[in-house]
Amino acid sequence: MRRAILAAWWVAQVACVNDNIVAVRGTDAGATVPLVTDAAAPWAGFPNSFPMGTGPCDIAVTPSDNRPCALPNRTTCVRTHLGSPGQSQGWTECTCGCSEPHTWSCYGVVGGDTRPTCPATQPAAGSSCDAGQGNCYYFPGYVCSCPAAASNPTWTCGETPLGIQLPPCVIREDVPDPGTVAPSNVDPRLRIADLTDAEAETWCRWYSAAIHPGSAPPSDGPLKTDGTTSHYGFAGCGAPINLCAAALSINHCRLNLRRRPCQATVAQLSDCVLTIHDKCTLVGQGCTALRAGDDCEETIAQRLSTGRCSTPVE
């Protein structure tokens, strides 16, 4: 898995407000701001990211969250918002095939208030600026500041100190595509319904180790009166996935796998749970195949709700 993610609440549509900066996922932030179509070549270190209107992102339809896309999966298109009186400055990226194959997922960082016009591209640190121009935000996670009270002011640039992380779908040059990951000692082609008890337990031990590397699996906890779990940590994804997956005990995981004759394969289930626990970033085929499988609706991955990702085991 590209990075170990502890089971925790993560919904693909979130908004984090911090120091007047808004990180927006699942919205088409600033869609009325003119597109920047003459920006520089793709960013160094981000080979699959392109300014909107260039390369594969020279497309007629503006990307929008959860809408179909025809670009290669994990292609990122970046739109820069220049900022002006009445409009905020920053950027929005939309990645094709982030959480679901050939579906847009969008994320943005925009100024929490209006600012004077910022340069269309990130200025060089130390270059001159207009006093009081404020902070300007640039993909993938940089802020450039121009002091308000200074003679001969210059830009100071660095990674944003606000805790805004790189969008989870954007490919870095040094981070490979995770591809499909499944336990090597269970045939990934097997249908869930055909697993033996031993094979189901083996998959459950792999799943527990994948989401909690180096930690012992949790112990069985009490069940609710309807035979579902209620106390395990879990991860969840909003639209378009709308599923969650709990960090179950080995026994409760095995019982859930044996509960219904799910026709999806081991590989399809593995893709789905890793996608959910990897901050909703597409792994393999994501959750599409598992959701489409007969009798798979409650197999490990559950419909996202306001509850505690209750998982049926009886």
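Every read-out reported here was derived from the displayed coordinates using simple, explicitly stated rules and does not represent laboratory data. Please read these numbers as outputs of a predicted model, since none were measured by experiment. Using ideal geometry, Cβ is built from the backbone for each residue, glycine included, and neighbour counts are taken over all protein chains shown.
In this rough spin-label picture, where each label sits 7 Å from Cα along the Cβ direction, the Arg259-Arg189 distance is 3.0 nm.
Shown for Ile250, Ile192: other C-beta atoms within 10 Å of each C-beta, ranked fewest to most, produce the order Ile250, Ile192. Here the extension length gained between Asp58 and Ala216 equals 52.0 nm, from 0.36 nm per residue of separation less the Cα-Cα distance. A crude spin-label estimate for the pair Arg303 and Ala150, with each label 7 Å from Cα along the Cβ direction, gives 5.6 nm.
For segment 261-297 versus segment 190-245, the spacing of their alpha-carbon centroids is 13 Å.
With neighbour counts taken as other beta-carbon atoms within 10 Å, the residues Thr196, Thr228 rank, fewest first, as Thr196, Thr228. A simple count of charges around Pro261, restricted to other residues whose Cβ falls under 13 Å of its Cβ and scoring Lys, Arg +1 and Asp, Glu -1, yields -1. Among Phe139, Phe46, a tally of other beta-carbon atoms within 10 Å of each Cβ gives an order, fewest to most, of Phe46, Phe139.
Shape of segment 230-305 from the C-alpha gyration tensor: oblate (a/c of 1.5 or more and a/b not above b/c, with a ≥ b ≥ c the square roots of its eigenvalues).
Spin-label model, His102/Ser127: points 7 Å from Cα along the beta carbon direction are separated by 4.1 nm. The gain in end-to-end length when the Ser230 to Asp295 segment is fully stretched comes to 21.2 nm, 0.36 nm per residue minus the alpha carbon separation.
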